[in-house]
Amino acid sequence: MSNPSGGTPKVTMPQGNDNIIEKAAAPIATLASHADPWPHYLMSGACGASALYTYSSLNNPRMAAIKAGLGLAYLWGGRQLVTGNPQLGYDVGSITSLALVGVAGPRARA
C-alpha cells in the first residue's frame with residue numbers, strides 16, 4: 001500500500017481505545033489511593049514480627065537486624081505518604097520491597 005505523497009503512511013489509533021485503558025486502570029488507582037499508607041504499615045509490622053521471631057527463636061541477630069531495618073524503612077515510607085511526600089514514600093516502599101526479595105530470594109531457593 002503506497003502513500004500518494006511518497007512518505008511514510010500515517011498510522012492512527014482507532015477512537016475509543018484510551019477510554020478502555022482508563023476504565024481498566026481506574027479501579028486499581030482508586031483502591032491504591034484509598035488503601036495508602038496501610039500496605040506500608042502492614043509490611044512494617046510483618047517485618048517487625050519476623051525480626052522478633054528470628055532473634056528469639058532462631059538466634060540469628062544479624063538477620064533479625066536486617067529484617068528490623070526493612071520494617072523501619074516500610075514504616076518511614078508509609079509515613080512519607082501521610083505527611084505529603086508521596087513520591088518519596090512510593091520510592092522507599094519499592095526499594096524496600098526489592099531489598100526484601102533480595103534477602104528472601106536465596107532462602108526461598110534453598
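The values are calculated or read from the model by the stated rules, or taken from the named source; none is laboratory data. Keep in mind the model is a prediction, meaning the values are calculated, not measured. Keep in mind that these areas ignore ligands, DNA and RNA; they rest on the heavy atoms of the full protein, side chains included. Shrake-Rupley method; radii C 1.70, N 1.55, O 1.52, S 1.80 Å.
Points worth noting:
- Where the stretch 35-97 is the region considered: accessible area per residue in Å², 1.4 Å probe: 59
- Values of log10 I(q)/I(0) for the stretch 17-56 across q = 0.21, 0.32 Å⁻¹ run -0.69, -0.94, by the Debye formula with one identical scatterer at each alpha carbon and no solvent.
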